[in-house]
Amino acid sequence: MRMPQDAIIPDAKISNYLLKYRDNDDKSKFLAQAGFTQENPEKLKFAILQLMETVDPIEDITNEYETFYRIEGELIGVNQRNLSVVTVWLKRKIDNQFQFVTLKPKKEKKTNA
């Protein structure tokens, strides 16, 4: 199953949260490594859409109001650097609409060598 094309990615989530510096849980520095900044929020939105269109979502947590999904993969950066991320989505039960919640760096699993 792919994420539907009408999934919602709120512009405010991109500009006012992910690309805005925050004292706690900042993601702007991480995203800046791939060239995503407040000056080009549409580039980050496009990269999230590309990931959404190429990787199947994995069902995560369900409650009475929604089901959360995650999509893990590479965001294609604007400066030829890609970022490994986990994006989080929810599907509202009331209208079956998918909506982007957030993204975070994908942590590499440590192996014992």
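The values are calculated or read from the model by the stated rules, or taken from the named source; none is laboratory data. Keep in mind it's a predicted model, so treat the numbers as computed, not measured. Every residue, glycine among them, receives a Cβ derived from its backbone with ideal geometry; neighbour counts consider all protein chains shown. Side chains are part of the model used for accessible areas, which takes the heavy atoms of the whole protein and leaves out ligands, DNA and RNA. Shrake-Rupley method; radii C 1.70, N 1.55, O 1.52, S 1.80 Å.
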Q) Restricting attention to region 60-77, which residues are among the charged types (D, E, K, R) and surrounded by 12 or more Cβ atoms within 10 Å (Cβ to Cβ)? A) D60, E66, R70, E72, E74
(Q) Looking only at region 66-83, how many residues end up being within 11 Å of K104 (Cα to Cα) and in contact with an Asp or Glu (Cβ under 6 Å, 6 or more places away or on another chain)? (A) 1
Q: Pull up region 78-113, narrow it to residues that are under 13 Å from the mean Cα position of the chain (by Cα) and hydroxyl-bearing (S, T, Y), then point me to the one that is surrounded by the most Cβ atoms within 10 Å (Cβ to Cβ).
A: T87
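Restricting attention to region 43-87, which residues are part of a strand (DSSP E or B), aliphatic (A, V, I, L, M) and under 15 Å from M1 (Cβ atoms)?
I58, I71
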(Q) Considering only residues that are free of Cβ contacts under 8 Å to residues at least 40 places away in the same chain and in a loop (DSSP other than H, G, I, E, B), which ones fall in region 15-29? (A) L19, K20, Y21, R22, D23, N24, D25, D26
Q) Which one of these does Q50 not meet: (1) free of Cβ contacts under 8 Å to residues at least 40 places away in the same chain; (2) open to solvent by less than 20 Å² (accessible area, probe 1.4 Å)? A) (2)
Q. If you go through region 30-41 one residue at a time, do you hit one that is part of a helix (DSSP H, G or I) and exposed (fewer than 15 other Cβ atoms within 10 Å of the Cβ)?
A. no
(Q) Can you tell me which condition K107 does not meet? The list is (1) basic (K, R); (2) farther than 26 Å from A34 by Cα; (3) part of a loop (DSSP other than H, G, I, E, B), and all the others hold. (A) (2)
